[in-house]
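The values are calculated or read from the model by the stated rules, or taken from the named source; none is laboratory data. No experiment lies behind these values; they were computed from the predicted model shown. Positions of Cβ are backbone-derived with ideal geometry, glycine not excepted, and every protein chain shown enters the neighbour counts. Side chains are part of the model used for accessible areas, which takes the heavy atoms of the whole protein and leaves out ligands, DNA and RNA. Shrake-Rupley method; radii C 1.70, N 1.55, O 1.52, S 1.80 Å.
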Amino acid sequence: MSLALADSADDLAHYRRAAELAGLALPELVSPAHHHAVLGGLRLHYLDWGTAGRLPVLFLHGGGQTARTWDLCCLALRRELHCIALDQRGHGDSEWSYAFAYAPEDHARDVAGLLDHLGIARAVVVGMSMGCLNGLAFALAHPERVAAFVAVDAGPWVQMEGGRRIVDFVREADASVDLEAWVAAARRFNPRRDAALLRRSLLHNLRALPDGKLTWKTDRRRPPDLAAMSSRLEALRARLAEIRCPTLVVRGAESDVFSDDDAARFAAALPDARWMRIAGAGHTVQGDEPAALVREVRSFLRERFDRPPVGD
C-alpha cells in the first residue's frame with residue numbers, strides 16, 4: 001500500500017477542516033518547513049513553522065506520536081512565537097537509535113543539540129506525555145536554557161493503568177490490515193476524534209513494509225518497560241524543586257493517564273507553577289481540544305513575560 005501524502009494544498013485543506021471542527025481561528029494556513037539535522041550521530045527531523053526572532057517554543061510530542069500532532073497549535077501561534085516541533089529519536093521521520101538509547105536523558109541531549117543547531121540559547125518547552133518527561137530531563141540538565149515549561153497531561157505522578165491502555169492500543173493497532181482498519185482502531189481508542197482527520201494524521205505516523213502491510217514509524221523493537229518508567233518517575237520527584245522556571249501543568253479533564261491529584265501534586269512540588277484542566281480533552285489534549293490548549297498557552301506566556309508575544 002502506498003502512503004504517499006498529497007501536496008501542501010491537501011495539507012491546507014486538512015488544517016482548515018480540523019480548525020473548523022475545533023473552533024480554532026487560524027490567522028493563516030501555511031505548511032511548515034521540514035529540516036533534518038545530525039545530532040549526536042542521529043539524524044533528527046523537525047518542523048519549523050517560521051517567525052524566527054520571536055520567542056522560541058519547542059514542542060515535544062508523546063510516545064508513539066510525531067511532530068505533526070502539534071500542527072494546529074503551531075499554526076495558531078506562529079505569528080506570535082517561533083514554533084518548532086521535533087520528531088524525537090525513534091519517532092516520525094527521525095532516525096532510530098540502534099543502541100536503544102531512549103532514556104529521557106538521551107532525548108534531553110537531542111533537545112540541547114537541536115537548540116545549539118538553531119542558535120537558540122533559551123526557549124519555552126511544551127511537552128506532552130513522553131515529551132513532558134523528556135522536557136523535564138532537559139530542564140534539569142540545562143535550567144538556564146528553559147524560559148518556561150508547559151507540561152501537557154503528564155508529570156512525575158501518573159496513572160499507570162492509563163499508560164497500559166495506550167501500550168495495548170499501540171500493539172493491537174499494529175495488527176490492522178489496511179488504513180481503514182487503522183482508522184477504526186484509532187477511533188475505538190479515542191472516539192473524540194474525526195475519522196477523516198485521523199486518516200490523514202495516521203499517514204504521518206505509518207510506514208509501509210515490503211509486503212504492503214502498514215506499521216508504526218516508531219521504533220517498537222522492544223516493548224515499553226513500565227517498571228523502569230516507574231523508577232524514573234520516582235527519581236524525578238526528588239528533583240522537582242530544581243526546576244525553577246515558570247511552569248503550567250495542563251490536564252485533560254477526561255484523561256485516564258493524569259488525574260487531578262497528579263496535576264495538583266506536580267504543580268505544588270514546583271517552585272513556580274500552577275495547574276489547570278481542559279474540559280472535553282483526554283490524554284492527547286492538543287488533538288482533542290487544540291483551541292483551549294492554545295488559549296491557555298498564550299495566556300500563560302503573556303502572564304510570564306514582560307514583553308508579551310506579538311500578535312493576537
For region 89-204, just say rounded, prolate or oblate: build the C-alpha gyration tensor, square-root its eigenvalues into a ≥ b ≥ c, call rounded for a/c under 1.5, and beyond that prolate if a/b exceeds b/c, oblate if not.
-> prolate
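Report the chymotrypsin sites (Phe, Trp or Tyr not before Pro) located in region 83-175 that are in a DSSP loop and have at most 11 other Cβ atoms inside 10 Å of their Cβ, or state none.
Passing sites in region 83-175 are Tyr98.
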So the FRET efficiency between Ala279 and Ala208, C-beta based with R0 = 45 Å and rounded to 0.05, is 0.75
Area of Leu133 that stays accessible when all protein chains are in place (1.4 Å probe, Å², to 10) = 40
Residues in region 265-290, backbone N under 20 Å from the label point at Phe305 (7 Å along the Cα-to-beta-carbon vector): list them, ranges by number please.
-> 272-274
In sequence order, what are the phi-derived ³J(HN,Hα) couplings for region 229-240 according to the Karplus relation 6.51 cos²θ - 1.76 cosθ + 1.60 with θ = phi - 60°, rounded to whole Hz, with x for glycine and proline?
-> 4, 4, 5, 5, 5, 4, 5, 5, 4, 6, 10, 4
1.4 Å probe accessible area per residue over region 181-312, in Å² | 49
Hey, got the dipole for the chain? About the Cα centre, +1 on K and R Cβ, -1 on D and E Cβ, debye to the nearest 20?
-> 200
The percentage of the accessible area of region 197-312 (probe 1.4 Å, all protein chains present) made up of carbon and sulfur atoms, to the nearest whole number, is 48
Convert each backbone phi in region 158-166 into a coupling constant with the Karplus relation 6.51 cos²θ - 1.76 cosθ + 1.60 (shift: θ = phi - 60°), then list the ³J(HN,Hα) values in order as whole Hz, x for Gly and Pro.
-> 9, 9, 5, 5, x, x, 5, 5, 5
Using the Cα atoms of region 138-246 to build a convex hull, what is its mean projected area in square nanometres?
-> 9.1
For Ala184 paired with His36, estimate the spin-label separation in nm (one decimal), with each label point 7 Å from Cα along the Cα-to-Cβ line.
-> 3.6
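Using 0.36 nm times the number of residues separating Phe100 and Ala235, minus their current alpha carbon distance, what extension gain do you get?
Numbers: separation 135, 0.36 × 135 = 48.60 nm, distance 2.09 nm.
Length gained between Phe100 and Ala235: 46.5 nm.
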Compute the accessible area per residue over region 82-152, keeping the other protein chains in place, probe 1.4 Å, unit Å².
-> 29
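What full-extension length gain, to one decimal in nm, is calculated for Leu21 and Arg164 as 0.36 nm per residue of separation minus the Cα-Cα distance?
So the chain would gain 48.5 nm between Leu21 and Arg164.
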